[in-house]
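The values are calculated or read from the model by the stated rules, or taken from the named source; none is laboratory data. The structure displayed is predicted, hence computed values, not measured ones. Positions of Cβ are generated from backbone atoms using ideal geometry, with glycine treated the same way; all protein chains shown enter the neighbour counts. Only protein heavy atoms, including side chains, enter the accessible area calculation; ligands, DNA and RNA are left aside. Shrake-Rupley method; radii C 1.70, N 1.55, O 1.52, S 1.80 Å.
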Amino acid sequence: PDARLRPGPQTAPDGPLLRAGLVGCGGRGMGAALDFLKAGPNLELAAMADLFEDRLERSLQHLNENAGIEIPAERRFTGFDAYRRLIDSGVDIVLLATPPHFRPEHFQAAVAAGKHVFMEKPLAVDPVGVRQVVQAAEKADTLGLNVVTGTQFRHQHSFIETYNRVADGAIGEILSARCYSLRAQLWYEEPSPEWSEMEAMVRDWVNWQWLSGDHIVEQHIHGLDVIRWFTGSRPSKAVAAGGRMRRVTGDQYDFFSTDFELDNGVHIHSMCRQIDGCANNISRWVLGSQGYTNCEDTIFTPAGEIVWKYPSEDDTSPYVQEHIDLVTAIRSGPRVNEAAETAWSTLMAVMARMSAYSGKEVGWEEASSSNLRLGPAEYALGPVDIQKTVPVPGTG
C-alpha cells in the first residue's frame, strides 16, 4: 500500500477562472457538472457536448434550473465529433461522462490538447481501451496535467483514514477480501421506431457490452478498486461465473461471481447482481490476521468488536470532493493523475468478465496484453456491425 494519505481540503482555493466543458449530458454528466461548480470559487461550465441534441438541451435546462447555467448556442456541440469541438472551444478542464466505450478516445484527445481532465469510471470496456488510457496517462504526466477519475471512495475522508490504519498494520497481515454489488435492475430504454440501431444502443448504453463493459465493469469497479487499493496488489488470475435471467434489453449478464487470486496467494471473492426482488448488499471487506475492516469507517477485532471508528460523518460529498481535489491540484498542487491506477482497476473487472463469458481462467498478463476490442470500427447513426448475442461460457 501507498504511504499515509492526506484527506483533501473541504473546498478548493480561489484562483483564476477555470472553465470546464462537459462531454456526455446524461444523469452522471449533469451530476459531475454540478459537483464541479460546488468545488470552490471562480469555476464555470462553459461548454457542453453530446451525441444527441435533445439530451443536451434537456440537461442544460436542468443545469439552468438548479445552478443558473447558460451555455450559448456556439458552445453547444452535438454528434460523434462533438468532443473534439468542445476541447477546441477554449475550456481548461474537460469533464468526460459519456458511455465508457468512448472514454479512451476522448481522454486521449483531451490530453493531446493539454487539458486537465475529470473522467467517470470505468475508463474503458476492454484491454485495448485500458492500454490506450494508460498511454494517455503517461503523456499527461509529461505535460504536467491533472487527472481525477470517478472512483470517489479514494477521495472520501473516512475511506482514506481507514486505509491509513490498515496500511499501518491495524488488521495485521491481509489474508482475504470480499466485495459485493448486489442491487436492483438499473434502467433501460426501449427503442423508438424512428431511431437507428446505433441511436437505440447508445440511448440504452447501460445494457450493452460494447458501450458499458457489462455491469461488473460499469458499476462493480467501485468495489474492486477499493479492494485493490487496500490490498496494494493486483490479481494474478480470475475464475468467474455469470449468467442472464431477467435483463430486458441488450446482451449482458445479470450476475457475476468471481474468485480472484493475488500474486501472494490471497483470494478475493467478488459478487455483483442487478435483479429486482433479491437481497441487496453493497459493501467491501478486507480481513487480516488481527482483525478486519469494512474499508469505509470501521475496524473490528477478529471477534467482531469495534476497535476504531471514523469519528464523524464526512461533511463533503465524495462526488464533490473529487472535483475539490482536482481544482486544488490545478491551483496549488501537488499534481494528481489517477488515470493509470483506475485503468488497472478497470482491467481487473474486465478480466473477470472475460472469464465469466468464456468459462475459462483468465490471467492478468493474458488480459493486459489481449487484443480484445468491443464495438464497431466506425461510428454512424445507422446499423451497428457487431455480434449481438449473449455470451455462452464453455462454447469458445
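Shape analysis of segment 169-308 yields a ratio of the Cα radius of gyration to the Kirkwood radius, Rg/Rh, of 1.08.
Over the chain, the ratio between the Cα radius of gyration and 2.2 N^0.38 Å evaluates to 0.97. If you wrap the Cα atoms of segment 332-396 in a convex hull and average its projected area over all directions, you get 7.4 nm².
Under the simplified labelling scheme, the HIS267-ALA241 pair shows an inter-label distance of 1.3 nm, with each label point 7 Å from Cα along Cα→Cβ. Summed over the residues of segment 212-281 and divided among them, the accessible surface reaches 34 Å² per residue at a probe radius of 1.4 Å. Sites listed here are GluC sites (Glu not before Pro) in segment 255-323 whose DSSP assignment is loop and whose Cβ has at most 12 other Cβ atoms within 10 Å: GLU305, GLU313.
Report summary: the helix-based calculation at 222 nm, which adds -39500 (n - 2.57) for every DSSP H run with n ≥ 4 and divides by the residues of the chain, gives -10500 deg cm²/dmol. Each distinct pair of alpha carbons in segment 10-70 adds a 1/r term; the inverse of their mean, the Kirkwood radius, is 11.9 Å.
Extension gain for GLN387-ASP276 works out to 37.2 nm (0.36 nm per residue, less the C-alpha to C-alpha distance).
Counting alpha carbon pairs within less than 8 Å and at least 6 residues apart, what relative contact order, in whole percent, applies to the chain? Rounded, it is 22 percent for the chain. Per-peptide packing, taken as the mean over residues of other Cβ atoms within 10 Å, places 329-339, 228-238, 207-217 in the sequence 207-217, 228-238, 329-339 from highest down. Shown here for segment 1-103: GluC sites (Glu not before Pro) in loop regions (DSSP other than H, G, I, E, B) with at most 14 other Cβ atoms within 10 Å, namely GLU70.
Centroid-to-centroid, using Cα positions, segment 25-82 and segment 301-367 are 26 Å apart.
For segment 262-396, the fraction of C-alpha pairs farther apart than 26 angstrom is 54 percent. Taking the charge dipole of the chain about its Cα centre, with +1 at Lys and Arg Cβ atoms and -1 at Asp and Glu Cβ atoms, the residue from GLY277, GLY129, GLY24 reaching farthest to the positive side is GLY129.
Across the options ALA329, HIS267, ALA200, the greatest Cα extent toward the positive end of the charge dipole of the chain (unit charges at beta carbon of Lys, Arg, Asp, Glu) belongs to HIS267. According to the Cα-based calculation, Rg over Rh for segment 142-206 is 1.22, with Rh computed by the Kirkwood formula.
Across segment 244-334, the relative contact order, built from alpha-carbon pairs under 8 Å that are at least six residues apart, equals 12 percent.
In µm²/s, what is D for segment 169-252 at 37 °C and 0.692 mPa s, where D = kT/(6 pi eta Rh) by Stokes-Einstein and Rh is the Kirkwood radius from Cα pairs? This corresponds to a translational diffusion coefficient of 212 µm²/s.
Surface composition of segment 12-91: carbon plus sulfur atoms hold 46% of the accessible area, using a 1.4 angstrom probe and ignoring ligands, DNA and RNA. Based on protein heavy atoms only, segment 148-190 ends up with 37 Å² per residue of surface accessible to a 1.4 Å probe. Give the shape of segment 239-303 as rounded, prolate or oblate, defined through the alpha-carbon gyration tensor: a ≥ b ≥ c are the square roots of its eigenvalues, a/c under 1.5 means rounded, and otherwise the shape is prolate if a/b is larger than b/c and oblate if not. Since a/c reaches 1.5 but b/c is at least a/b, the shape of segment 239-303 is classed as oblate. Taking the chain as the region of interest, the number of lysine pairs whose Cα atoms are within less than 30 Å, with members eight or more places apart or on different chains, is 14. Under the shape rule built on the C-alpha gyration tensor, where the axes satisfy a ≥ b ≥ c, segment 71-173 is prolate, since a/c reaches at least 1.5 and a/b is greater than b/c.
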